[in-house]
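So the structure is just underneath, and the comments pick up after that.
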Amino acid sequence: MTISEAKVLITGGSSGIGYATAALLKSQGARVVICGRQADKLAAAGAALDTPTVVANVAIAADVQRLFDEASAAMGGLNVLINNAGYGYMAPLTEIDPTAFEAQYATNVLGAMLCAQAAARHFIPAGGGDIVNIASTAATKGHANASPYVGSKFALRGMTECWRQELRPHNIRVMLVNPSEVMTDFFSQAETPQGRRARNYTAAEQASKLRAEEIAHTIVSMLAMDNRGFITEATVFATNPQV
Ligand SMILES: NC(=O)c1ccc[n+]([C@@H]2O[C@H](COP(=O)([O-])OP(=O)(O)OC[C@H]3O[C@@H](n4cnc5c(N)ncnc54)[C@H](OP(=O)(O)O)[C@@H]3O)[C@@H](O)[C@H]2O)c1
């Protein structure tokens, strides 16, 4: 697609990967709306990006309906969804809290489905559109003490494969991006049995890891391909991480 013709809704655009993707798309002439749950954080991001915002929780169906209505009104339509809102709840099996587990799936799985569903309902009558789901390398390989998050991202990857087959006949490209570790708020926001954790990487360690900008570059490159083709899935690693 031609990026300057893109009308993009990014869920979870108030920081990290969503924010960097909004900035890159805006720099190339796209229209962008971002959402998030925390109104102050979202307003600050919207002001910095000079882009409209909608306070919405993707895990709540009524919020998603209002989000799509307001985003479409703000941009005069909608042809791209970047299904990015998410966070990590990680715990050993013996310590998983069922309430926290359900909340993880409410955002990362139910929320992603509700947004993809709303997007498909826009795109099918319009004759096409793009959906980019942000999963993780945790959608390709499990590891100890992270089954709530890993399971949610495996679920998103599985749903992506189903939606891709359902929507191709409608000229809708359903794509998946699997970032490895990216230096965003994700780690300070991640929930563990010990409470929220801050990862204190040294400057040298951080410099060797992915930034949100590499993921934004991946997403925008995938969107920019001519609509006769599409990249189904892209996995992004740091070249030589020091930790
Ligand atoms: N950073 C990594 O290493 C990494 C690696 C692989 C995959 N990912 C994935 O990349 C995506 C973005 O993460 P990030 O690293 O950019 O983290 P981030 O900086 O913490 O951004 C997360 C964004 O999602 C929003 N959000 C979270 N839950 C939401 C909900 N229920 N409804 C609406 N918005 C919600 C947050 O805003 P509010 O809190 O205000 O709602 C924020 O804008 C996530 O899906 C994450 O799983 C990240």
>> If I model a spin label at Gln38 and Glu5 as a point 7 Å from the Cα along the Cα→Cβ vector, what separation in nanometres do I get?
In response: 3.8
> When we measure straight from the Cα of Lys26, which lysines land under 24 angstrom away, once same-chain ones fewer than 8 places off are left out?
Replying inline: Lys7, Lys41
>> What's the magnitude of the charge dipole for the stretch 43-184 around its Cα centre, counting Lys and Arg as +1 and Asp and Glu as -1 at the beta-carbon? Answer in Debye, nearest 20.
In response: 440
>> Explain nothing, just the number: relative contact order of the stretch 102-228, from Cα pairs under 8 Å at least 6 residues apart, as a whole percent.
In response: 24
> Rounded to the nearest 0.05, what FRET efficiency is calculated for Thr140 and Ala204 with R0 set to 22 Å and r the Cβ-Cβ distance?
Replying inline: 0.20
> Any idea what the dipole of the chain comes to, in debye rounded to 20, about its Cα centre with Lys/Arg Cβ at +1 and Asp/Glu Cβ at -1?
Replying inline: 220
> Using helices alone, what [θ] at 222 nm do you get for the chain, with -39,500 (n - 2.57) per DSSP H run of 4 or more residues, divided over all residues and rounded to the nearest 500?
Replying inline: -13000 deg cm²/dmol
> Once a ≥ b ≥ c are taken as the square roots of the eigenvalues of the Cα gyration tensor of the stretch 89-243, is the result rounded (a/c under 1.5), prolate (a/b larger than b/c) or oblate (a/b not larger than b/c)?
Replying inline: oblate
> Which parts of the stretch 150-169 would a label at Ile124 reach, counting a residue when its backbone N lies under 12 Å from a point 7 Å out along Cα-to-Cβ?
Replying inline: 166-169
> Which helices pass in the chain if a helix is a full DSSP H run, must span at least 24 angstrom along its long axis by Cα, and must have mean Kyte-Doolittle hydropathy not below -1.0?
Replying inline: 147-167
> In nanometres, what is the gap between the two model label sites at His170 and Ala103, each 7 Å from Cα along Cα-to-Cβ?
Replying inline: 3.3
> Taking Cα centroids, how far is the stretch 48-67 from the stretch 203-243 in Å?
Replying inline: 25
>> What's the longest uninterrupted piece of the chain once you rule out the trypsin sites (Lys or Arg not before Pro) that are loop residues per DSSP with at most 10 other Cβ within 10 Å?
In response: 1-140
> Under a straight-distance cross-link criterion of Cα-Cα below 13 Å, which aspartates and glutamates are reachable from Lys209, leaving out those fewer than 8 residues away in the same chain?
Replying inline: Glu181
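Read the figures in this text as sums done on the coordinates, not as results from a lab. This structure is a prediction, so every number in the text was calculated from the model and none was measured. With ideal geometry, Cβ positions are generated from the backbone for all residues, glycine too; neighbour counts draw on all protein chains shown.
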